[in-house]
1. Condition check: within 18 Å of the chain's Cα centre (by Cα), within 16 Å of the ligand (Cβ to nearest atom) and charged (D, E, K, R). Does R101 satisfy that?
2. Condition first: open to solvent by 10 Å² or more (accessible area, probe 1.4 Å) and either in contact with a Lys or Arg (Cβ under 9 Å, 6 or more places away or on another chain) or on the phi > 0 side of the Ramachandran plot (or both). Now tell me which residues in region 150-164 satisfy that.
3. Search region 216-259 for residues being among the acidic types (D, E) and assigned to a helix (DSSP H, G or I), and hand back the single one that is nearest to the ligand (Cβ to nearest atom).
4. Six or more apart or on different chains, Cβ under 7 Å: which pairs go from a residue in region 148-172 that's closer than 16 Å to H189 by Cα and of a type outside the set (F, W, Y) to one that's open to solvent by 10 Å² or more (accessible area, probe 1.4 Å) and assigned to a strand (DSSP E or B)? Could you list them?
5. Which residues, taken from region 157-167, are more than 10 Å from the ligand (Cβ to nearest atom) and under 16 Å from V146 (Cα atoms)?
6. Say we look at region 177-193 and pick out the residues that are of a type in the set (S, T, N, Q) and within 18 Å of the chain's Cα centre (by Cα); which of these is farthest from the ligand (Cβ to nearest atom)?
Amino acid sequence: MKKLIAGNWKMNGTLAANEALLSALAQGLAVKPACEIAVCVPAPYLAQVLNMKTEHANLDMVEVGAQDVSKQTSGAFTGEVSAVMLKDLGCRYAIVGHSERRQYHGETDVLVADKARAALVSGITPIVCVGETLAEREAGLTEEVVKRQLAAVIHVNGHCISEIVLAYEPVWAIGTGKTASPQEAQTVHAVLRAQLKAATEHFAGVKILYGGSMNAANAVTLLMQADIDGGLVGGASLKATDFLAIIAAAHENGQIQKN
Ligand code: PEP
């Protein structure tokens, strides 16, 4: 399966900075890499990024995603953005259940599962994030936590679970410069794969991304792990050279798989 490298810009960017970042990405993508690429951008800039895709031929392979989506379809939900709207704009992905939303916006496992369903119903692929906090890891609860988070999404989405992208993002590794070791990450990814196996016969095709301080240096070994199918990249997706270096690591990996 092709690796997916998805950038999460978080609440960063301006019209000018986005233009510069995407122009640099377009230049760096002159040779089509053997991986899939996406950028998940703040809602106000989705249209700008989608428009830039039509202006730069090299950006046609860069899919665009939102960083959140409503569980509702339309109506009196001030401030919300629906999956129907994202689809209408031309988005492919929406991140759901990012730990920053779980932590700062009180998003529960059930809400995250409902958001994933709303996305799937409208043809948006949810990138569902799961991950344990440092306290949970130290208490030996990592597997229990990620399995509980994924179980909620499986419960609500049934066999459609094969259509999601899953991202394992240990909370203690996000934006901290601390990365799970490739073995630590692989262990959790294998647990998640086994859980998907019990839920769908198409478990092998579900991409499981790793996220948490992924950078050019650590991407190579992380992406070599059997159950790591790509990366969800925060900080390093804001600098074209860093993001392109991670894409290059995924490309190399794709070449090795082919040969
Ligand atoms: C993220 O926000 O999803 C993330 C992984 O951030 P960072 O790469 O900066 O740790």
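1. Working: within 18 Å of the chain's Cα centre (by Cα): yes; within 16 Å of the ligand (Cβ to nearest atom): yes; charged (D, E, K, R): yes.
Yes: the conditions hold for R101.
2. V156, N157, G158, C160
3. Among residues in region 216-259 that are among the acidic types (D, E) and assigned to a helix (DSSP H, G or I), the one nearest to the ligand (Cβ to nearest atom) is D242.
4. The qualifying pairs are I164/T125; V165/T125.
5. Those that are more than 10 Å from the ligand (Cβ to nearest atom) and under 16 Å from V146 (Cα atoms): I161, I164, V165, L166.
6. Among those that are of a type in the set (S, T, N, Q) and within 18 Å of the chain's Cα centre (by Cα), it is Q186.
The values are calculated or read from the model by the stated rules, or taken from the named source; none is laboratory data. Source: prediction; values computed, not measured. Note: ideal-geometry Cβ built from the backbone for every residue, glycine included; neighbour counts use all protein chains shown. Quick note on the areas: whole protein, heavy atoms, side chains included, nothing else; ligands and nucleic acids left out. Shrake-Rupley method; radii C 1.70, N 1.55, O 1.52, S 1.80 Å.
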